[in-house]
1. Can you give me the accessible area per residue for the chain, using a 1.4 Å probe, in Å²?
2. Of all the accessible heavy-atom surface of region 75-114, with the other protein chains kept in place and a 1.4 Å probe, what percent is carbon and sulfur?
3. Taking trypsin sites (Lys or Arg not before Pro) as exposed when DSSP calls them loop (any state but H, G, I, E, B) and at most 11 other Cβ atoms lie within 10 Å, what is the longest stretch of the chain free of them, the sites themselves excluded?
4. Around M82, what is the net charge, scoring Lys/Arg as +1 and Asp/Glu as -1 over all other residues with Cβ under 9 Å from its Cβ?
5. Out of A96, A60, A68, any idea which swings most in a Gaussian network model of the chain, alpha carbons joined below 10 Å?
6. Give the relative contact order (percent, whole number) for the chain; include only Cα pairs under 8 Å separated by 6+ residues.
7. State the percentage of accessible surface on region 1-71 attributable to carbon and sulfur atoms; use a 1.4 Å probe and exclude ligands, DNA and RNA.
8. Which percent, nearest 5, of DSSP beta bridges in the chain are antiparallel?
Amino acid sequence: QVQLQESGGGSVQSGGSLRLSCEIIGYTDISYCMGWVRQVSGKEREAVATIDSDGSITYAESVKGRFALSQDNAKNTLDLQMNSLKPEDTSMYYCAAGLPRYGGECTGVYNYWGQGTQVTVSH
């Protein structure tokens, strides 16, 4: 049983920063596939940053160089540092997780989701 809870969202001006945190409740020393996904109502979801079971981190092209994903094992959190925010980053951000498939494959395994936290970036 895994539960995810996001926090850290808010409103900032263009160029500002926010740090999102996802608390993983029920984590039992398992290498989960985890990541942050954003979705604007009525639009396609976009994986912002994900970390595979082997530790490999992948960033969406639109956020490379601006966002940084990190894990805090002591606190069981997955954090997303968001710098140089743009209005285009405005979205609901969700934390997602899932057990990797055989061989560590993470595609399509994100079956655990948080409620989301809103990020709004103004001009």
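1. Details: 6860 Å² over 123 residues.
Result: 56 Å² per residue.
2. On the way: 1010 of 2010 Å².
Carbon and sulfur: 50 percent of the exposed surface of region 75-114.
3. Details: sites that count: K43, K64, K75.
That gives 76-123 as the longest site-free run.
4. Numbers: positive: R19, R66; negative: D89.
Cβ neighbours under 9 Å give a net charge of +1.
5. Top of the fluctuation ranking is A60.
6. Details: 302 pairs, mean separation 43.5, N = 123.
The normalised contact order for the chain reaches 35 percent.
7. Details: 1640 of 4000 Å².
Solvent-exposed carbon and sulfur of region 1-71 make up 41 percent of the total.
8. On the way: 37 of 41 bridges.
The antiparallel proportion sits near 90 percent.
The values are calculated or read from the model by the stated rules, or taken from the named source; none is laboratory data. All values reported here derive from a predicted model rather than from experimental measurement. We place every Cβ from the backbone using ideal geometry, glycine too, and count neighbours over all the protein chains shown. Heads up: the accessible areas ignore ligands, DNA and RNA and are worked out on the full protein's heavy atoms, side chains in. Shrake-Rupley method; radii C 1.70, N 1.55, O 1.52, S 1.80 Å.
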